[in-house]
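Beneath this line is the structure, given in structure tokens, with notes to follow.
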Amino acid sequence: MTQGDGEAGNPRLPARRRARRGMLGVALFVGGPVVGTALVVVGIVLGLAEEPRLLLLAVLGVGVVFVATYAGLRVLFAVERAGGSDRT
């Protein structure tokens with residue numbers, strides 16, 4: 001890749017980009033289930049104690065767990081695939 005002045009760009013940029021995407025994947029893979037589990041607990045506690053409609057938070061929490069885990073794994077696999085092509 002060349003810059004405007006014709007010099008080659010920084011060869012470490014793709015590695016940095018992969019590292020950032022890898023951190024995003026780990027954050028989704030770890031943080032999504034934590035946030036989803038918190039929503040499930042809050043939904044069950046508040047749904048049983050106060051308003052039954054708040055049980056929908058538990059359903060939303062389960063959805064957050066599955067979606068965030070799936071998205072995190074997709075990002076991590078994409079980063080691994082992209083990093084595997086650079087290795088010798």
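List the trypsin sites (Lys or Arg not before Pro) within the stretch 29-88 that DSSP assigns to loop and that have no more than 14 neighbouring Cβ atoms inside 10 Å. Intermediate values should be presented prior to the final figure.
Values: sites: Arg53, Arg74, Arg81, Arg87; in loops: Arg87.
The qualifying sites are Arg87.
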Original post:
How large is ³J(HN,Hα), in whole Hz, for each residue of the stretch 37-48 in order, when computed from phi with the Karplus curve 6.51 cos²θ - 1.76 cosθ + 1.60 and θ = phi - 60°, using x for Gly and Pro?
Top reply: 5, 4, 5, 4, 5, 4, x, 5, 5, 6, x, 7
Subject >> Accessible area in square angstrom per residue, the stretch 38-88, 1.4 angstrom probe >> reply: 72 Å²
Original post:
Tell me, in nm to one decimal, what length is gained between Ala82 and Leu60 on full extension, where the rule is 0.36 nm per residue of separation less the Cα-Cα distance?
Top reply: 4.7 nm
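The values are calculated or read from the model by the stated rules, or taken from the named source; none is laboratory data. Only a predicted model underlies this, so the values are computations on that prediction, with no experimental measurement involved. Ideal geometry is used to build each Cβ from the backbone, glycine not excepted, and the neighbour counts take in all protein chains shown. Surface areas here come from the heavy atoms of the whole protein model, side chains and all, with no ligands, DNA or RNA. Shrake-Rupley method; radii C 1.70, N 1.55, O 1.52, S 1.80 Å.
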